[in-house]
Amino acid sequence: MPIHVLDHPLIQHKITLLRDERTGSKDFRDLVSEIAAFMAYEAARDLPVEDVTVKTPLTTTIGKTMGCKKLALVPILRAGLGMVSGIEQLIPTAKIGHIGMYRNEKTLVPVVYFCKMPTDLAEREIFLLDPMLATGGSAVAAIKALCDRGVLLSNIKFLCLVAAPEGVKNLTEAYPDLCIYTASIDDHLNENGYIVPGLGDAGDRIFGTL
Ligand code: PRP
Ligand code: URA
(Lines give C-alpha, C1' and ligand atoms only; values in the text may rest on other atoms or scores of the structure.)
(Ligands and ions follow the chains in the order given, each with its own letter.)
Protein backbone atom coordinates (compact mmCIF):
# COMPACT_ATOMS: atom_id res chain seq x y z
CA MET A 1 0.00 0.00 0.00
CA PRO A 2 1.37 3.40 -0.94
CA ILE A 3 2.01 5.24 2.35
CA HIS A 4 4.15 8.32 2.17
CA VAL A 5 5.73 9.53 5.41
CA LEU A 6 6.84 13.09 4.73
CA ASP A 7 10.10 13.51 6.57
CA HIS A 8 11.08 16.90 5.17
CA PRO A 9 12.81 18.95 7.91
CA LEU A 10 10.33 21.83 7.55
CA ILE A 11 7.39 19.49 8.09
CA GLN A 12 9.05 17.68 10.98
CA HIS A 13 9.98 20.99 12.66
CA LYS A 14 6.40 22.23 12.43
CA ILE A 15 4.98 18.90 13.66
CA THR A 16 7.15 19.25 16.78
CA LEU A 17 5.71 22.72 17.42
CA LEU A 18 2.23 21.29 16.91
CA ARG A 19 2.81 18.55 19.47
CA ASP A 20 3.99 21.05 22.11
CA GLU A 21 1.24 21.49 24.69
CA ARG A 22 2.25 25.16 25.07
CA THR A 23 1.27 25.95 21.46
CA GLY A 24 -1.92 28.02 21.57
CA SER A 25 -4.88 27.88 19.19
CA LYS A 26 -3.79 30.63 16.80
CA ASP A 27 -0.30 29.14 16.29
CA PHE A 28 -1.75 25.63 16.17
CA ARG A 29 -4.16 26.65 13.41
CA ASP A 30 -1.41 28.34 11.43
CA LEU A 31 0.87 25.31 11.74
CA VAL A 32 -1.86 22.88 10.65
CA SER A 33 -2.51 25.05 7.62
CA GLU A 34 1.19 25.36 6.73
CA ILE A 35 1.91 21.65 7.12
CA ALA A 36 -1.17 20.79 5.06
CA ALA A 37 0.15 23.01 2.25
CA PHE A 38 3.49 21.19 2.27
CA MET A 39 1.68 17.86 2.20
CA ALA A 40 -0.54 18.94 -0.68
CA TYR A 41 2.55 20.06 -2.59
CA GLU A 42 3.87 16.50 -2.27
CA ALA A 43 0.51 14.84 -2.94
CA ALA A 44 0.07 16.93 -6.09
CA ARG A 45 3.37 15.67 -7.50
CA ASP A 46 1.75 13.12 -9.83
CA LEU A 47 -1.27 15.18 -10.89
CA PRO A 48 -1.45 15.35 -14.66
CA VAL A 49 -0.34 18.45 -16.54
CA GLU A 50 -0.97 19.49 -20.12
CA ASP A 51 0.84 21.77 -22.51
CA VAL A 52 -0.39 25.31 -23.12
CA THR A 53 0.97 28.05 -25.30
CA VAL A 54 2.07 31.10 -23.36
CA LYS A 55 3.29 34.40 -24.72
CA THR A 56 6.12 35.88 -22.66
CA PRO A 57 7.30 39.47 -23.18
CA LEU A 58 10.01 37.99 -25.46
CA THR A 59 8.47 35.10 -27.36
CA THR A 60 5.87 32.38 -27.42
CA THR A 61 6.61 29.12 -25.65
CA ILE A 62 4.96 25.97 -24.36
CA GLY A 63 4.23 25.81 -20.64
CA LYS A 64 2.52 23.29 -18.39
CA THR A 65 -0.86 23.69 -16.76
CA MET A 66 -2.69 21.60 -14.18
CA GLY A 67 -6.05 22.67 -15.58
CA CYS A 68 -6.85 19.28 -17.07
CA LYS A 69 -7.62 17.49 -13.79
CA LYS A 70 -10.05 19.00 -11.34
CA LEU A 71 -9.40 18.69 -7.65
CA ALA A 72 -11.70 18.59 -4.63
CA LEU A 73 -10.59 19.06 -1.04
CA VAL A 74 -12.75 17.11 1.37
CA PRO A 75 -12.10 17.96 5.02
CA ILE A 76 -13.54 15.64 7.65
CA LEU A 77 -15.23 17.99 10.12
CA ARG A 78 -14.25 19.45 12.34
CA ALA A 79 -10.50 19.13 12.49
CA GLY A 80 -9.97 18.59 8.75
CA LEU A 81 -11.21 22.14 8.18
CA GLY A 82 -7.93 23.38 9.61
CA MET A 83 -6.07 21.88 6.66
CA VAL A 84 -8.13 23.62 3.97
CA SER A 85 -6.81 27.19 4.00
CA GLY A 86 -3.16 26.29 3.34
CA ILE A 87 -4.04 24.02 0.43
CA GLU A 88 -6.57 26.46 -0.98
CA GLN A 89 -3.85 29.07 -1.25
CA LEU A 90 -1.77 26.67 -3.36
CA ILE A 91 -4.64 25.40 -5.48
CA PRO A 92 -7.37 28.06 -5.47
CA THR A 93 -9.45 26.32 -8.16
CA ALA A 94 -10.10 23.29 -5.95
CA LYS A 95 -13.74 22.79 -4.96
CA ILE A 96 -14.46 21.92 -1.35
CA GLY A 97 -16.76 19.17 -0.10
CA HIS A 98 -17.52 18.67 3.58
CA ILE A 99 -18.11 15.49 5.50
CA GLY A 100 -19.19 15.89 9.11
CA MET A 101 -18.23 13.06 11.37
CA TYR A 102 -17.62 12.61 15.07
CA ARG A 103 -16.54 9.63 17.11
CA ASN A 104 -18.88 8.21 19.73
CA GLU A 105 -16.69 8.76 22.78
CA LYS A 106 -17.44 5.33 24.25
CA THR A 107 -17.45 3.09 21.19
CA LEU A 108 -15.13 5.30 19.03
CA VAL A 109 -17.45 4.42 16.12
CA PRO A 110 -17.73 7.39 13.71
CA VAL A 111 -21.14 8.94 13.12
CA VAL A 112 -21.77 10.87 9.86
CA TYR A 113 -23.90 13.96 10.52
CA PHE A 114 -23.31 15.97 7.33
CA CYS A 115 -22.17 15.35 3.76
CA LYS A 116 -22.20 18.00 1.04
CA MET A 117 -20.04 17.46 -2.05
CA PRO A 118 -19.42 19.21 -5.38
CA THR A 119 -21.87 17.89 -7.98
CA ASP A 120 -19.08 16.64 -10.26
CA LEU A 121 -17.29 14.89 -7.38
CA ALA A 122 -16.85 11.60 -9.27
CA GLU A 123 -14.78 13.35 -11.98
CA ARG A 124 -12.41 14.92 -9.49
CA GLU A 125 -9.18 13.97 -7.84
CA ILE A 126 -9.88 14.08 -4.09
CA PHE A 127 -7.61 15.14 -1.24
CA LEU A 128 -9.39 13.80 1.85
CA LEU A 129 -8.19 15.81 4.85
CA ASP A 130 -8.05 14.96 8.54
CA PRO A 131 -5.13 15.80 10.83
CA MET A 132 -5.54 12.60 12.85
CA LEU A 133 -5.70 8.95 11.79
CA ALA A 134 -6.38 7.20 15.11
CA THR A 135 -8.44 3.97 14.92
CA GLY A 136 -9.02 4.69 11.23
CA GLY A 137 -12.79 4.46 11.65
CA SER A 138 -13.46 8.02 10.48
CA ALA A 139 -11.22 7.71 7.42
CA VAL A 140 -12.75 4.36 6.43
CA ALA A 141 -16.28 5.77 6.76
CA ALA A 142 -15.38 8.94 4.82
CA ILE A 143 -13.82 6.94 1.97
CA LYS A 144 -16.90 4.73 1.82
CA ALA A 145 -19.07 7.86 1.58
CA LEU A 146 -16.92 9.12 -1.33
CA CYS A 147 -16.94 5.75 -3.14
CA ASP A 148 -20.74 5.53 -2.65
CA ARG A 149 -20.90 8.81 -4.60
CA GLY A 150 -19.02 7.34 -7.54
CA VAL A 151 -15.44 8.37 -6.71
CA LEU A 152 -12.76 5.87 -7.75
CA LEU A 153 -10.43 4.83 -4.94
CA SER A 154 -7.50 5.56 -7.25
CA ASN A 155 -8.63 9.21 -7.31
CA ILE A 156 -8.51 9.60 -3.52
CA LYS A 157 -5.48 10.65 -1.48
CA PHE A 158 -5.79 10.72 2.29
CA LEU A 159 -3.72 13.45 3.94
CA CYS A 160 -3.23 13.36 7.70
CA LEU A 161 -0.67 14.96 9.96
CA VAL A 162 -0.26 12.22 12.56
CA ALA A 163 -1.21 8.55 12.25
CA ALA A 164 -1.37 5.69 14.73
CA PRO A 165 -0.09 2.30 13.57
CA GLU A 166 -3.53 0.87 14.41
CA GLY A 167 -5.22 3.38 12.09
CA VAL A 168 -2.76 2.73 9.28
CA LYS A 169 -3.42 -1.00 9.64
CA ASN A 170 -7.21 -0.65 9.65
CA LEU A 171 -7.26 1.77 6.73
CA THR A 172 -4.84 -0.37 4.76
CA GLU A 173 -6.88 -3.50 5.36
CA ALA A 174 -10.08 -1.75 4.27
CA TYR A 175 -8.51 -0.02 1.25
CA PRO A 176 -5.18 -1.66 0.33
CA ASP A 177 -4.64 0.60 -2.71
CA LEU A 178 -5.37 3.92 -1.03
CA CYS A 179 -2.59 6.54 -1.15
CA ILE A 180 -1.89 7.85 2.35
CA TYR A 181 0.26 10.89 3.17
CA THR A 182 1.28 11.52 6.76
CA ALA A 183 3.97 13.46 8.59
CA SER A 184 4.34 10.84 11.31
CA ILE A 185 3.40 7.32 12.28
CA ASP A 186 3.34 7.56 16.07
CA ASP A 187 3.77 4.88 18.70
CA HIS A 188 0.30 3.67 19.66
CA LEU A 189 -3.29 4.50 20.58
CA ASN A 190 -4.19 4.81 24.22
CA GLU A 191 -7.29 3.29 25.85
CA ASN A 192 -9.31 6.43 24.97
CA GLY A 193 -8.43 6.26 21.30
CA TYR A 194 -5.86 9.08 21.46
CA ILE A 195 -2.63 8.88 19.51
CA VAL A 196 0.52 8.68 21.67
CA PRO A 197 2.64 10.78 21.71
CA GLY A 198 0.27 12.59 19.32
CA LEU A 199 -0.76 16.18 19.78
CA GLY A 200 -3.99 15.86 21.79
CA ASP A 201 -7.44 16.60 20.40
CA ALA A 202 -6.79 18.32 17.08
CA GLY A 203 -10.30 19.78 16.74
CA ASP A 204 -10.26 21.25 20.23
CA ARG A 205 -6.79 22.74 19.74
CA ILE A 206 -7.65 24.23 16.34
CA PHE A 207 -10.93 25.76 17.47
CA GLY A 208 -9.98 26.57 21.07
CA THR A 209 -12.70 24.37 22.57
CA LEU A 210 -10.46 22.68 25.15
C1 PRP B 1 -10.96 13.26 15.43
C2 PRP B 1 -10.11 13.47 14.20
C3 PRP B 1 -10.61 12.41 13.28
C4 PRP B 1 -10.97 11.29 14.22
C5 PRP B 1 -9.89 10.25 14.13
O6 PRP B 1 -12.20 13.82 15.28
O7 PRP B 1 -10.21 14.75 13.66
O8 PRP B 1 -11.73 12.80 12.51
O9 PRP B 1 -11.00 11.86 15.53
O10 PRP B 1 -10.24 9.18 14.89
P11 PRP B 1 -10.47 7.73 14.30
O12 PRP B 1 -9.35 7.47 13.37
O13 PRP B 1 -10.42 6.87 15.53
O14 PRP B 1 -11.80 7.70 13.65
P15 PRP B 1 -13.21 13.93 16.50
O16 PRP B 1 -14.11 12.75 16.54
O17 PRP B 1 -12.45 14.23 17.76
O18 PRP B 1 -14.12 15.15 16.07
P19 PRP B 1 -13.74 16.70 15.87
O20 PRP B 1 -12.88 16.80 14.65
O21 PRP B 1 -15.04 17.34 15.68
O22 PRP B 1 -13.01 17.20 17.10
N1 URA C 1 -8.50 12.55 17.41
C2 URA C 1 -7.69 13.53 17.87
O3 URA C 1 -7.98 14.73 17.70
N4 URA C 1 -6.56 13.19 18.51
C5 URA C 1 -6.21 11.91 18.70
O6 URA C 1 -5.15 11.66 19.30
C7 URA C 1 -7.07 10.91 18.23
C8 URA C 1 -8.20 11.26 17.58
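Within the stretch 142-183, the proportion of C-alpha pairs whose separation exceeds 16 Å stands at 34%. Our compactness index for the stretch 9-93, the C-alpha radius of gyration over the empirical 2.2 N^0.38 Å, is 1.42. Of the peptides 182-195, 111-124, 132-145, the order by per-residue mean of other Cβ atoms within 10 Å, starting with the highest, comes out as 132-145, 182-195, 111-124.
Would you mind counting up the charge near GLU173? Only other residues with Cβ under 14 Å from its Cβ, with Lys and Arg at +1 and Asp and Glu at -1. Once positives and negatives cancel, what remains is 0. Cα centroids of the stretch 117-174 and the stretch 53-85: 21 Å apart. Under 13 Å from the Cβ of ILE185, count the other residues' Cβ atoms, weight Lys and Arg +1, Asp and Glu -1, and hand me the total. Around ILE185, the charge tally is -3. Can you pick out the pairs among LYS95/LYS116; LYS69/LYS157; LYS14/LYS95 whose Cα atoms lie more than 22 Å from each other? In this structure, LYS14/LYS95 lie more than 22 Å apart at Cα. Histogrammed with a bin width of 5 Å, the alpha carbon distances of the chain distribute as 1, 7, 16, 20, 20, 16, 9, 5, 3, 2, 1, 0, 0, 0 percent, first bin at zero. Set the Cα radius of gyration of the stretch 67-167 against 2.2 N^0.38 Å, with N its number of residues, and you get 1.02. Sum up the charges of everything whose Cβ sits under 15 Å from the Cβ of HIS8, counting Lys and Arg as +1 and Asp and Glu as -1, but leave HIS8 out. Net charge in that neighbourhood comes out at -1.
Using a probe of 1.4 angstrom and keeping all protein chains present, the accessible surface of the chain works out to 51 square angstrom per residue.
Percent of Cα-Cα pairs more than 22 Å apart in the stretch 116-210, please.
In whole percent, the share of Cα-Cα pairs in the stretch 116-210 beyond 22 Å is 30.
The values are calculated or read from the model by the stated rules, or taken from the named source; none is laboratory data. Since the structure is predicted, the reported quantities are computational estimates derived from the model, not experimental observations. For neighbour counting, all protein chains shown are included, and Cβ atoms are generated from backbone atoms with ideal geometry for every residue, glycine included. Heads up: the accessible areas ignore ligands, DNA and RNA and are worked out on the full protein's heavy atoms, side chains in. Shrake-Rupley method; radii C 1.70, N 1.55, O 1.52, S 1.80 Å.
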